Amino acid sequence: MSKNKRSFPYLNPRFKVKHYDWDVFVGPAAGDSAVDFTAIDFEGNQYKLSDFRGKWVVLETGSSTCSQYTKNIDLMRDIRGEFPDVEFLLIYVREAHPGERLPQHKRFEDKLNAAKILPVKYNENRKILIDTLEGDMHRAYGAMPNVVYVINPEGFVHYRCDWTHIDGLRKALNERGHFHTIEHAKLKEISASRSIWMALSTMWTGGILALWDFIVATPGLYRHHKLIDAYYDKHGKFKQQSND
């Protein structure tokens, strides 16, 4: 959808549908130069996206309270085995569903400690990089909870999707000869591998408030997802583009 950027609050203490810009997909699209950014690992080592130039790179955003992300962990482990030449990075962003057990980050140390939950609770074994407190990488790449990007060795976006969709990612990695402009995953596609138990147990990491906010927001979330599905169907955003 449109790349026009609008201002939304970032470090929200509670989840609300209105805190996300559902009408735009901000950031570089297929064929655009990837935006460079700096993030750190658990030991404090700094990495730039440009450090990986010359490699194929998959960027996925996630957090300890995002079930759209946690449902993909095992699937991502499988796809990594299929593409050993690709660098897979998990970028830790803001909490999707903060609550009393895991509040939204107020300091960078909060964000670092929240990221350390992933290997312990969810068995995440990708390289985890922590975004800045104010979400410099996240906001540059769309600011949705669970986006995925494929960056080619020359530093261009090969594929992106507003929600991580394993089949779309696999197709993009199998077909590297052209950019992939399918940038939206439909509700039924992103819901297929997420059980109710997975959603509830992930949000329980945030706490009762996180669960309550999700329940209250569910009708609005469903409505926005269906409207976006209809938009992409109507405007033909599924045409493939050659990079020749």
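Only the coordinates and a few stated rules stand behind these numbers; no lab work does. Source: prediction; values computed, not measured. Positions of Cβ are generated from backbone atoms using ideal geometry, with glycine treated the same way; all protein chains shown enter the neighbour counts.
Among the residues of the stretch 100-129 satisfying the criterion of being in a loop (DSSP other than H, G, I, E, B) and of a type in the set (Asp, Glu), which is surrounded by the most Cβ atoms within 10 Å (Cβ to Cβ)?
124
Within the stretch 212-219, does at least one residue satisfy the condition of being outside any helix (DSSP H, G or I) and in contact with a Lys or Arg (Cβ under 7 Å, 6 or more places away or on another chain)?
no
Would you please name the residue that is farthest from residue 133 (Cα to Cα), looking only at residues in the stretch 45-63 that are in contact with a helix residue (DSSP H, G or I) (Cβ under 9 Å, 6 or more places away or on another chain) and not acidic (Asp, Glu)?
Within the stretch 45-63, the match that is farthest from residue 133 (Cα to Cα) is 56.
Quick check, is residue 96 within 19 Å of the chain's Cα centre (by Cα) and either surrounded by fewer than 19 Cβ atoms within 10 Å (Cβ to Cβ) or closer than 16 Å to residue 144 by Cβ (or both)?
Considered against the rule, which asks whether it is within 19 Å of the chain's Cα centre (by Cα) and either surrounded by fewer than 19 Cβ atoms within 10 Å (Cβ to Cβ) or closer than 16 Å to residue 144 by Cβ (or both), residue 96 comes out as yes.
Please enumerate the residues belonging to the stretch 130-142 that are part of a loop (DSSP other than H, G, I, E, B) and touching a strand residue (DSSP E or B) at 6+ places or on another chain (Cβ under 7 Å).
131, 141 - these are the residues of the stretch 130-142 that are part of a loop (DSSP other than H, G, I, E, B) and touching a strand residue (DSSP E or B) at 6+ places or on another chain (Cβ under 7 Å).
Which ones in the stretch 93-143 are among the hydrophobic types (A, V, I, L, M, F, W, C) and over 17 Å from residue 202 (Cβ atoms)?
108, 112, 129, 130, 133, 137, 140, 143
Report, by residue number, each residue of the stretch 48-77 that is within 17 Å of residue 167 (Cα to Cα) and free of Cβ contacts under 8 Å to residues at least 12 places away in the same chain.
If the condition is that a residue be within 17 Å of residue 167 (Cα to Cα) and free of Cβ contacts under 8 Å to residues at least 12 places away in the same chain, then 74 is the only one that fits.
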